[in-house]
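Only one structure is covered here, and it is reproduced in the block below.
The values are calculated or read from the model by the stated rules, or taken from the named source; none is laboratory data. Computed from a predicted structure; not experimentally measured. Don't worry about glycine lacking a Cβ; one is built from the backbone with ideal geometry, like all the others, and counts go over all protein chains shown.
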Amino acid sequence: MKKSSLIKGRGAQSNHPNRFLAHVHELRSDFLEYCRAHGEPVDDPKTQYLPIYPKSIVNEVKSPDLRLDYSMNPYQGCEHGCV
């Protein structure tokens, strides 16, 4: 990621797709133009809370390279770098 494309104060600014990611976000320029044309602010990103309900907090680990049977994953990530 180029340094010029980073937004100061927004925490983690990349979250690479993975098989566990249930939500996919895409920022389209035509949508931004539509918002601008209708008076919606698009240049000041706001923090959003998206409730995600896991099936279980305790997960069985089936990876041969880890020496544990179970792990705990209470959240999926946050804007502060927990991607």
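Results, tabulated for the structure shown:
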item	result
Test: V83 is modelled with pLDDT of 75 or more and surrounded by 11 or more Cβ atoms within 10 Å (Cβ to Cβ)	no
Selection count where residues are surrounded by 10 or more Cβ atoms within 10 Å (Cβ to Cβ) and modelled with pLDDT under 75, scope the range 1-44	7
